[in-house]
Amino acid sequence: MSARQSGLSRRGWLAGAVGLALAAGGTGLAVQRARQQAQGLSAVETAFWLQNFSQVDGPSLAMAAFKGKPLVLNFWATWCPPCVEELPLLSSFFTANKDKGWQVLGLAVDQAAPVRRFLTQSPLSFPVALAGFPGVELSRSLGNLTGGLPFTVVFGGGGAVQHRKMGRLGLPDLQAWEGSRGL
């Protein structure tokens, strides 16, 4: 066998080995995606449930602790008038529906000091965590195409996104979500 033929043979084996490795990696990725789809969760939803956020004056909140019951996730900021206007409505919704299994979480796209001042003046019945500026990107990953506030996402008990709302919430939104099946 000539050196040239030997080199071609090695390249053939190398190409075959690389192809086999890529196929194995692709199979692993396909299995992972199939598991997520079987759970009804996208990669974005799965990543969301792995996150933790700091509270203003308390321990960090693990999103996984909210999984299993419907969750209204509201992105807001103290400098956003429509956000501030809808918070009492969300607080009332949570108070009226927490015994029915509903959860509400406010993720402040803000700094700790203004959020702390706001909550001192206007306490809320639901937990608030700090997402800071990265919260804008998180909201975009969950369907907020413009990155604007307020933005609300409703997750079903299984962890999948059920509803999204860009802009200020109204009572009809909450009533429609409350009456939704499959949450």
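The values are calculated or read from the model by the stated rules, or taken from the named source; none is laboratory data. Quick caveat: nothing in here was measured; it's all calculated off a predicted structure. Virtual Cβ from ideal backbone geometry, glycine too; neighbours counted across all protein chains shown.
What the table shows:
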quantity	calculated
Test: L145 is out of contact with any strand residue (DSSP E or B) (no Cβ under 9 Å at 6 or more places or on another chain), more than 15 Å from L105 (Cα to Cα) and surrounded by fewer than 17 Cβ atoms within 10 Å (Cβ to Cβ)	no
Any hit, the stretch 117-125, residues being hydroxyl-bearing (S, T, Y) and under 27 Å from A43 (Cα atoms)	no
Output for the stretch 67-103, where each listed residue is in contact with a Lys or Arg (Cβ under 7 Å, 6 or more places away or on another chain) and hydroxyl-bearing (S, T, Y)	none
Matching residues, the stretch 157-177, being surrounded by fewer than 19 Cβ atoms within 10 Å (Cβ to Cβ), on the phi < 0 side of the Ramachandran plot and of a type outside the set (A, V, I, L, M)	G157, G158, Q162, H163, R164, R168, G170, P172, Q175
Strands (runs of 3 or more DSSP E) within the stretch 52-155 that include 3 or more residues touching a residue at least 40 places away in the same chain (Cβ under 8 Å) and under 23 Å from G179 (Cα atoms)	71-76, 151-155
Any hit, the stretch 54-61, residues being modelled with pLDDT under 95, in contact with a helix residue (DSSP H, G or I) (Cβ under 8 Å, 6 or more places away or on another chain) and surrounded by 12 or more Cβ atoms within 10 Å (Cβ to Cβ)	yes
Single condition K69 does not satisfy, out of (1) under 18 Å from L171 (Cα atoms); (2) surrounded by 14 or more Cβ atoms within 10 Å (Cβ to Cβ)	(1)
